[in-house]
There are 2 protein chains.
Amino acid sequence: MSSTSRSSAGREPSRRRPRVLGGDGVPTLATVADEAGVSRQTVSNALNNPELLRPETLVRVQSVIERLGYSPNRAARQLRTRSSHLVGLRFEPAQEGTSNALMDRFLHSLVEAASRTGHHLLLFSGDPADPLDGYEDLLRSTAVDAFVVTDTYAGTPQAGFLQDRGAPFVAFGRPWDDPRADHAWVDVDGAAGARLATEHLLDQGHRRIAWLGWERSSRISQDRRSGWEAALREAGVDPVGLGVRLTDNVDAARMAAHRVLEDATVTAFVCASDTLAVGVLHALAERRVQPGAQVGVVGFDDSAAAQVTWPGLTSVRQPLEQVAVELVRSLHRVLGHQPVEEQGRMLEPTLVVRRSSERGWKP
Amino acid sequence: MSSTSRSSAGREPSRRRPRVLGGDGVPTLATVADEAGVSRQTVSNALNNPELLRPETLVRVQSVIERLGYSPNRAARQLRTRSSHLVGLRFEPAQEGTSNALMDRFLHSLVEAASRTGHHLLLFSGDPADPLDGYEDLLRSTAVDAFVVTDTYAGTPQAGFLQDRGAPFVAFGRPWDDPRADHAWVDVDGAAGARLATEHLLDQGHRRIAWLGWERSSRISQDRRSGWEAALREAGVDPVGLGVRLTDNVDAARMAAHRVLEDATVTAFVCASDTLAVGVLHALAERRVQPGAQVGVVGFDDSAAAQVTWPGLTSVRQPLEQVAVELVRSLHRVLGHQPVEEQGRMLEPTLVVRRSSERGWKP
DNA sequence: CGGGAGCAGTGGAACGATCCAACAGTAGAC
DNA sequence: GTCTACTGTTGGATCGTTCCACTGCTCCCG
């Protein structure tokens, strides 16, 4: 109703014709503004700062938006605000056989968590030989607002690179011993997980509990191992000679388990991954030893394999849904340039008990 | 060098200053043009139509681009060209236990294939109750160039919706019996896969080979089953009474296998999924029957579970890398509005033989 | 009654790329 | 010598949004 005076330069009548409908018939801000009898800015405010509008104007604009099925053009918005609402994640080429099933669950959770704050996930790939490939280009072209970095094993340069570059990112994985690192991170407490596993086996009456982990260079494995070791010591069991290091591979674990089982006093295994635990199960099958009933086995990651393997593999489960939520929360703080109240956040894993560690179980 | 006359209203001298450096110090097209002593359009041509430039100009511009580390701003380009170089994929919430490990391998392949043509993958999620949620919004806001649709089981409305909407997309999965469908698709020949599996077991000397599949409503299962049935008939074996339908679940398969094995003449199983095959392995373990040596088992999808399960599960492997490549190729044709030379493309699976089907094997 | 504050809303400019029409310069044809 | 064709390059306009400075208008206070 409130028809205000509309000033017009009036020099050249048909030169500057405000385009009111996009080329393909897609409505734009101008379409909505025209239809609702307000200016473009008012429509923009209706979307981004609704509290600035008088309630009745807001309702009117919103109903036009609804009726026309208008959504703001992402490219235009991105160009103006310099924010794409996209989060980049480099998706490494899969290595078959290893437990990247973890990735699947994590990815789902991340997509969902991000979408709750209006963000989408942009997957990209890069030259496997160059762990930094792809990042630079997305940064320069301002295609993403931030990155999520997933592999922060010792020696991976992504976090350092992005930090030096001044690019916003959050890491899934603590920076371990890099003293220069001061970026946001979220991680799961591997030591606590291994401790859970070990204490569970101790509860089942096991004493001499072996550890199967990765090479010494893996900080993740060292971390988990420390939980096993501490739990054993607290129970008065000497862990010396019970720890084995090998590559993350079913067959390597199978053979290692055979060697360990030569020592008849060993009655249980805690493993740094489900892959290794599955290898132990293979060895038990070959020795015709009942998992659970005779020898307890616990894996790590609660992968799909753990869930379907016979007779059911007890495993430490990472709270990936919660990790995703925390990552997104962190991302928001980083992007909002808010003071980072805490640099990192450590989450607690849980133990999913299945029959491979249930002593009472008989097939 | 070329100082041309610069028209200026003259009222306020410093109003129209052509910004040559982005706010954050990020170089823009204008920066490069200025530095190379050419116009913006020439730089743009150097990137998009290099053949239009004189070779020496091209080299000069390229060296400046290299030196400044310039990449065109994606938002600006997207706004002007109406193309985001993003491909949307709705990433469904994971259902634990089912074989979406397939998805992991597929996703990797797709990201890689897409990146080879300069496209990135945009993952989004939506209300699980509404299979169309999310698509509309991305279309309206012109956030993606196209979609990849992965679940085209009977009754899923995505393909129909996008087709009616006139949105570009490619489906992984044939349109089955929808006569209205005329969109591009890529699929794997399930019947051929089941035939491979069945013939392999026949070669191993098995005759009465059972089928474990999903409910009758699943077209995918029906398709695979038809391959098993045909192979059996050609070998002169009557498949009647050898087929079982159940839900895709380890325990359901385990119990079904027990029932089937009451009939002592059955010596092998072909399954519509690895999940079902793992269930059969569980049943065999409970009966203390050797997989492979006594009863042959073949699964479908070559999931991580198949690869680590003891004693190794023979499985039909889908050529997902090739699927991804074909999908991207199709997408290109669809986006380029080229005449679609073929509407769909059917790829052949392969059989990965492991010990669960090797008759000679002894533990 | 004049003036500062606050409110709802306006029009122009800007983001950084590409599209477009036009331009200078050269060569070839008449 | 002029006209046409062609090549390489140019400046201006444009895509759709948000930022910015500003305008009427009302209200309140001294």
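The values are calculated or read from the model by the stated rules, or taken from the named source; none is laboratory data. Since this is a predicted model, take the numbers as computed values, not measurements. Positions of Cβ are backbone-derived with ideal geometry, glycine not excepted, and every protein chain shown enters the neighbour counts. Only protein heavy atoms, including side chains, enter the accessible area calculation; ligands, DNA and RNA are left aside. Shrake-Rupley method; radii C 1.70, N 1.55, O 1.52, S 1.80 Å.
Among the numbered criteria (1) away from DNA strand D (no atom under 12 Å from the Cβ); (2) open to solvent by less than 100 Å² (accessible area, probe 1.4 Å); (3) at pLDDT 50 or above, which one does B:Ser14 miss?
Status for B:Ser14: all satisfied but (3).
I'd like to verify a number: residues in region B:255-278 that are part of a helix (DSSP H, G or I) and in contact (Cβ under 8 Å) with a residue 40 or more places away in the chain, how many? Write out each step before concluding.
First, the residues of region B:255-278 that are part of a helix (DSSP H, G or I): B:255-262, B:274-278.
Now drop any that are not in contact (Cβ under 8 Å) with a residue 40 or more places away in the chain, which leaves B:256-257, B:260, B:274-277.
Count: 7.
From the list A:Arg207, A:Arg219, exactly one residue is away from every other protein chain (no Cβ under 14 Å) and surrounded by fewer than 18 Cβ atoms within 10 Å (Cβ to Cβ). Which is it?
Sole residue among the options that is away from every other protein chain (no Cβ under 14 Å) and surrounded by fewer than 18 Cβ atoms within 10 Å (Cβ to Cβ): A:Arg207.
Find the residue count for region B:38-86, including only residues that are without any contact (Cβ under 8 Å) to a residue 12 or more places away in the chain, more than 12 Å from DNA strand C (Cβ to nearest atom) and among the aliphatic types (A, V, I, L, M).
Total meeting the criteria: 2.
If you scan region B:116-125, which residues turn out to be of a type outside the set (A, V, I, L, M, F, W, C) and either farther than 22 Å from A:Ser141 by Cα or in contact with a Gly (Cβ under 8 Å, 6 or more places away or on another chain) (or both)?
Across region B:116-125, the qualifying residue is only B:Ser125.
Given the conditions (1) more than 14 Å from chain B (Cβ to nearest Cβ); (2) open to solvent by less than 10 Å² (accessible area, probe 1.4 Å); (3) not in a helix (DSSP H, G or I), and given that A:Val297 satisfies all but one, which numbered condition is not satisfied?
Every condition holds for A:Val297 apart from (1).
Only one residue in A:Arg60, A:Arg80 is modelled with pLDDT under 95, closer than 25 Å to B:Val144 by Cβ and not assigned by TED's automatic domain parsing to the domain that holds A:Phe172. Which one?
One residue alone meets the criteria, A:Arg80.
Quick one: A:Ala277 ticks every box in (1) more than 19 Å from A:Ala256 (Cα to Cα); (2) within 11 Å of chain B (Cβ to nearest Cβ); (3) at pLDDT 95 or above bar one, so which box is it?
(1)
Which fully enclosed strands (runs of 3 or more DSSP E) of region B:42-149 have 2 or more residues being buried (at least 22 other Cβ atoms within 10 Å of the Cβ) and at the interface with another protein chain (Cβ under 10 Å from one of its Cβ atoms)?
Here the list reads B:86-90, B:120-124.
Can you tell me which residues in region A:280-301 are without any contact (Cβ under 8 Å) to a residue 60 or more places away in the chain and closer than 26 Å to A:Val240 by Cβ?
Answer for region A:280-301, where residues must be without any contact (Cβ under 8 Å) to a residue 60 or more places away in the chain and closer than 26 Å to A:Val240 by Cβ: A:Ala283, A:Leu284, A:Arg287, A:Val289, A:Gln294, A:Val295, A:Gly299.
Hey, among B:Arg259, B:Arg345, B:Arg329, B:Arg355, which residue is open to solvent by 30 Å² or more (accessible area, probe 1.4 Å) and within 14 Å of chain A (Cβ to nearest Cβ)?
When all the criteria are applied, what remains is B:Arg355.
Regarding A:Gly173, is this residue under 17 Å from the mean Cα position of the chain (by Cα) and assigned by TED's automatic domain parsing to the domain that holds A:His108? Don't jump to the end; show me each part of the working.
On the way: under 17 Å from the mean Cα position of the chain (by Cα): yes; assigned by TED's automatic domain parsing to the domain that holds A:His108: yes.
Taking the combined requirement at face value, the residue satisfies it.
Which residues, taken from region A:158-176, are part of a strand (DSSP E or B) and within 14 Å of A:Arg333 (Cα to Cα)? Full working, then the answer.
Filtering region A:158-176 for residues part of a strand (DSSP E or B) gives A:169-172.
Matches in region A:158-176: A:Phe169, A:Val170, A:Ala171.
Which of the residues belonging to region B:27-37 are surrounded by fewer than 17 Cβ atoms within 10 Å (Cβ to Cβ) and away from DNA strand C (no atom under 11 Å from the Cβ)?
Scanning region B:27-37 gives a single hit, B:Gly37.
Filter region B:177-207 for residues that are out of contact with any Ser or Thr (no Cβ under 7 Å at 6 or more places or on another chain) and either at pLDDT below 90 or in a loop (DSSP other than H, G, I, E, B) (or both) and give the result.
B:Asp177, B:Asp178, B:Pro179, B:Arg180, B:Ala181, B:Asp182, B:His183, B:Asp189, B:Gly205, B:Arg207
What number of residues within region B:234-254 satisfy the criterion of being surrounded by fewer than 18 Cβ atoms within 10 Å (Cβ to Cβ) and in a helix (DSSP H, G or I)?
Selection size over region B:234-254: 3.
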